[in-house]
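The values are calculated or read from the model by the stated rules, or taken from the named source; none is laboratory data. Here the structure is a predicted model, which means the values were calculated and not measured. Here the Cβ is made from the backbone with ideal geometry for all residues, glycine too, and neighbour counts use every protein chain on show. With ligands, DNA and RNA removed, areas are computed over all heavy atoms of the protein, side chains included. Shrake-Rupley method; radii C 1.70, N 1.55, O 1.52, S 1.80 Å.
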Amino acid sequence: MLIPHDTRIALDVVVDLVNTAPESEQPGVGEPVDGLADTEALYAFAGRHRVSGVNELDEKDLRAVHDVRARFAEVFAAADAQVAASLVNTLVAAAGTTPQLSNHDGYDWHVHYFAPDASIADHLAADCGMALAFIIVAGETERLRRCEAPDCRHAFVDLSRNRSRRYCSSRTCGNRLHVAAYRARRREAAG
Ligand SMILES: [Zn+2]
Ligand SMILES: [Zn+2]
């Protein structure tokens, strides 16, 4: 599946956003923490992902972004493309979009979907919503996944060739389970 560069970037933003939700935090590490607990964290998020057009952010923006985050989480939990499509349609319609070609900051031509004066929540809903729309149109909704490690459940987009990725990160979750399975086999063999 060929995914345009800007779609890939927008998908990274969706995944990072969904994974800031407190329910995505690993239990056993203490109380679930909201990765976007205050406007300070929202500024940091916008900076990390270079969300353009961000000026003053307030509590209203924070609440609106939390809401968009919850909608994106529903898309990852959607049972099929029908459900996912309906969620994305609602989200993008509410955000209002004004597709604009842009080649700002030395990037190649790409389409911005957010309206020029969009709030950060509408900006994310429009651009990330359209990136998810691209995945659904490509018939690849099943690539929107949750990590199979029982104590993780982080969202991720499986961009592997054969859609075989099961963990948010093979380095951490994949490896951790691998080692656990190996130890269990050893214990059995030693019986
Ligand atoms: Zn851009
Ligand atoms: Zn994981």
Accessible surface, the chain, averaged per residue in Å² (probe 1.4 Å): 59 Å²
Karplus (6.51, -1.76, 1.60) ³J(HN,Hα), θ = phi - 60°, over the range 50-55, in Hz, Gly and Pro reported as x: 6, 5, 6, x, 8, 10
Degrees, to the nearest 10: 39-48 long Cα axis against longest axis of the chain: 90 degrees
MRE, 222 nm, helices only [DSSP H, n ≥ 4, -39500 (n - 2.57), over the chain, to nearest 500]: -16000 deg cm²/dmol
Rounded to 10°, Cα long-axis angle of helix 120-137 versus longest principal axis of the chain: 60 degrees
Accessible surface of the chain [probe 1.4 Å, protein heavy atoms]: carbon and sulfur percent: 51 percent
Modelled FRET efficiency - R0 30 Å, Val33 with Ala93, Cβ distances, 0.05 increments: 0.40
Computed E for Ser164/Asn55 - FRET, C-beta separation, R0 41 angstrom, nearest 0.05: 0.45
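Given the chain, what whole percent of its Cα pairs are spread farther than 23 Å?
Tail of P(r) above 23 Å: 47 percent of Cα pairs.
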With at most 13 neighbouring Cβ atoms within 10 Å, loop trypsin sites (Lys or Arg not before Pro) (DSSP) excluded, longest segment of the chain: 51-160
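Give the calculated FRET efficiency between Glu40 and Arg186 to the nearest 0.05, with a Förster radius of 45 Å applied to their Cβ-Cβ distance.
0.45
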GNM flexibility winner over the chain from Phe45, Phe76, Phe156 (Cα, springs under 10 Å): Phe45
Degrees between helix 81-95 axis and first principal axis of the chain (Cα, 0 to 90, nearest 10): 40 degrees
